[in-house]
Amino acid sequence: MSEAAAAGSKKGASSSKGKKSSSSSKGKKGKTSKKPAAARPVRPLRRDVDGPQSVPDDSFEDTDTDGEGDLEDESGENGDPESELEAIERELLSQPAGPEPEIVYAEGPPPPPPPPVKARSLKHLLIPGETLDEVAKLYQVEVGDLAKWNAIRAGEPIPKKKKDLRVITTHTPPPREKLEHEIKRGDTWEAIAAEFGVEVARLRQQNPRLGDKLAPKPKQKLKVVAWKDLDLTPSAGLGTKLGQIRVRAGGLSIGKPNRGKLVRGVELPDRPDLYVKRKPDESFASTHTVMQTMAAITRFRHDSNFKGQVVIGGMSRARGGRFRPHKSHQSGRDVDIRLPVLRAAEGKRHITSADVDWKATWQLMRAFLDTGEVEYIFLEFALQKRIYKAARESGVSQEQIDAWLEWPKKIKGRSNKRVLIRHVEGHRTHMHVRIRCGPQEKHCYSSR
């Protein structure tokens, strides 16, 4: 703009407030001088509800205040992220919610029959008290053939010195799980058998060195051991249960977990048969996250023998955003779940790692991992050893555990090791599950 035009503009402005400057309109054709109205701050909706599914606040002793954001360096971000999120929120709210999403899992047609398998020679490791009849049934072979392959006379028991048997079969038996229980004062065979889900006679047969009464001497550590064949056949009825899950459409995550919002937040439905909600006003998430959470817990309940409570802690507010004490939980993709506890610890106000049912904890983690939609699971590093042991005892391979679990080598700094179960301080009595962005969430940002 020329000096003369600038002078004319100042003169026009001083002569009258309502009069437009002619020189200003000439210098800026097609542009308006009005500033856009400032966006109103979006406040999360609050619902002070203490519904029938709520549990005391102090059931979660640890807090999510450290390092649970996006696990990425956010330095160098420009602009006004809050205004951008609000603009995206307004845009999405102006669009229709869309149809109800498809169910996460569904039962498909029966698989085709497997191709014929050639007979192969295997080595079966014997457990205390095992008989020829039991081994033959396990591998679907004749007892007489099994005795012949191992130079055992027909009708005679397996020699005590034998540690394994040779088996020629086309059948692959299910993996065998080893269970251990350290004997404590007051333990009985009946109680431990009920905990393991095995018969008392079978349990005593597998522990011949222990007497009728389980009474270890002072400072003596004794263990009861049991072996169970895992049932890997398709779970009858699971597909039906998963197919009954219905979640309202339109709940969308925008932004990052530690800098985001939730559009049309979906409240986690009341399902006392699956879980207990600790804080209903913080039980909102995206449609995708609610679907994955319900599907994982449904699978866990169906496949495990765990009868205790699954307690859901903080998720998100109805419209997302920051709420104390969390740094994340802002975009509707984070779920806090108390670690499943042993029957004796149910109802305790303050739980420790000794109260945790680590087998059930691993089964719950595995149910989430099997969805294929987990971005991270946060758990303190010192506790991951228990997860490692439970996973190995359930038959998980070392290679698979290395891809999932941070333990035994702690990740330092910005490592390239991209495991799913990671250390974050403050996760001692609960796990923090983060779900990936859903396929319809184009404004959602995942770090994996």
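The values are calculated or read from the model by the stated rules, or taken from the named source; none is laboratory data. Please read these numbers as outputs of a predicted model, since none were measured by experiment. Positions of Cβ are generated from backbone atoms using ideal geometry, with glycine treated the same way; all protein chains shown enter the neighbour counts.
Output the number of residues of the stretch 146-160 satisfying the condition of being modelled with pLDDT under 90 and either assigned by TED's automatic domain parsing to the domain that holds Lys359 or of a type outside the set (Asp, Glu) (or both).
The total comes to 5.
Among the numbered criteria (1) closer than 30 Å to Leu230 by Cβ; (2) in a helix (DSSP H, G or I); (3) of a type outside the set (Lys, Arg); (4) touching a strand residue (DSSP E or B) at 6+ places or on another chain (Cβ under 8 Å), which single criterion is violated by Phe300?
In the conditions (1) closer than 30 Å to Leu230 by Cβ; (2) in a helix (DSSP H, G or I); (3) of a type outside the set (Lys, Arg); (4) touching a strand residue (DSSP E or B) at 6+ places or on another chain (Cβ under 8 Å), Phe300 misses (4) alone.
Among the residues of the stretch 354-374 satisfying the criterion of being more than 16 Å from Ala295 (Cα to Cα) and among the acidic types (Asp, Glu), which is surrounded by the fewest Cβ atoms within 10 Å (Cβ to Cβ)?
Asp355
Looking only at the stretch 367-388, which residues are in a helix (DSSP H, G or I), without any contact (Cβ under 8 Å) to a residue 60 or more places away in the chain and under 18 Å from the mean Cα position of the chain (by Cα)?
If the condition is that a residue be in a helix (DSSP H, G or I), without any contact (Cβ under 8 Å) to a residue 60 or more places away in the chain and under 18 Å from the mean Cα position of the chain (by Cα), then Leu369, Phe381, Leu383, Gln384, Lys385, Arg386, Ile387, Tyr388 are the ones that fit.
Looking at the stretch 153-178, which of its residues are touching a Leu at 6+ places or on another chain (Cβ under 7 Å) and in a loop (DSSP other than H, G, I, E, B)?
Answer for the stretch 153-178, where residues must be touching a Leu at 6+ places or on another chain (Cβ under 7 Å) and in a loop (DSSP other than H, G, I, E, B): Ile158, Lys162, Lys163, Pro173, Pro174, Pro175.
From Arg333, Arg343, Arg324, grab the single residue that is of a type in the set (D, E, K, R) and in contact with a Cys (Cβ under 9 Å, 6 or more places away or on another chain).
That would be Arg333, the only listed residue that is of a type in the set (D, E, K, R) and in contact with a Cys (Cβ under 9 Å, 6 or more places away or on another chain).
Which one of the conditions (1) buried (at least 19 other Cβ atoms within 10 Å of the Cβ); (2) more than 19 Å from Glu195 (Cβ to Cβ); (3) modelled with pLDDT under 95 does Ile351 fail to meet, given that it meets all the rest?
Only one criterion is unmet by Ile351, namely (2).
Of the numbered conditions (1) surrounded by fewer than 24 Cβ atoms within 10 Å (Cβ to Cβ); (2) part of a helix (DSSP H, G or I); (3) under 17 Å from the mean Cα position of the chain (by Cα), Phe306 fails exactly one; give the number of that condition.
(2)
Quick check on my filter: what residues within the stretch 267-303 are crowded, with 24+ Cβ neighbours inside 10 Å and among the polar types (S, T, N, Q)?
Scanning the stretch 267-303 gives Ser283, Ser286, Thr287, Thr289, Gln292, Thr293.
If I ask for residues that are among the aliphatic types (A, V, I, L, M) and surrounded by fewer than 21 Cβ atoms within 10 Å (Cβ to Cβ), which ones from the stretch 375-401 would you list?
Selection gives Ala382, Leu383, Ala390, Val396, Ile401.
Output yes when any residue across the stretch 405-428 is of a type in the set (Phe, Trp, Tyr), surrounded by 14 or more Cβ atoms within 10 Å (Cβ to Cβ) and assigned to a helix (DSSP H, G or I), and no when none is.
Looking for residues that are of a type in the set (Phe, Trp, Tyr), surrounded by 14 or more Cβ atoms within 10 Å (Cβ to Cβ) and assigned to a helix (DSSP H, G or I), one finds none in the stretch 405-428, hence no.
Give the residue that is modelled with the lowest pLDDT, with candidates limited to residues of the stretch 309-330 that are surrounded by fewer than 21 Cβ atoms within 10 Å (Cβ to Cβ) and in contact with a Phe, Trp or Tyr (Cβ under 6 Å, 6 or more places away or on another chain).
Ala318
Working carefully through the options Lys256, Lys213, Lys217, Lys221, find the one that is more than 30 Å from Thr287 (Cα to Cα) and touching an Asp or Glu at 6+ places or on another chain (Cβ under 9 Å).
Matching residue, one of Lys256, Lys213, Lys217, Lys221: Lys221.
If you scan the stretch 216-239, which residues turn out to be among the polar types (S, T, N, Q) and surrounded by 11 or more Cβ atoms within 10 Å (Cβ to Cβ)?
Answer for the stretch 216-239, where residues must be among the polar types (S, T, N, Q) and surrounded by 11 or more Cβ atoms within 10 Å (Cβ to Cβ): just Ser235.
Looking at (1) surrounded by fewer than 13 Cβ atoms within 10 Å (Cβ to Cβ); (2) closer than 25 Å to Val341 by Cα, which is the only condition Lys213 fails?
Answer for Lys213: the failing condition is (2).
Check whether at least one residue in the stretch 181-194 is more than 27 Å from Lys359 (Cα to Cα), of a type in the set (A, V, I, L, M) and in a loop (DSSP other than H, G, I, E, B), and report yes or no.
No - not one qualifying residue is present in the stretch 181-194.
Go through the stretch 160-187 and give me each residue that's over 34 Å from the mean Cα position of the chain (by Cα) and β-branched (Val, Ile, Thr).
Val167, Ile168, Thr169, Thr170
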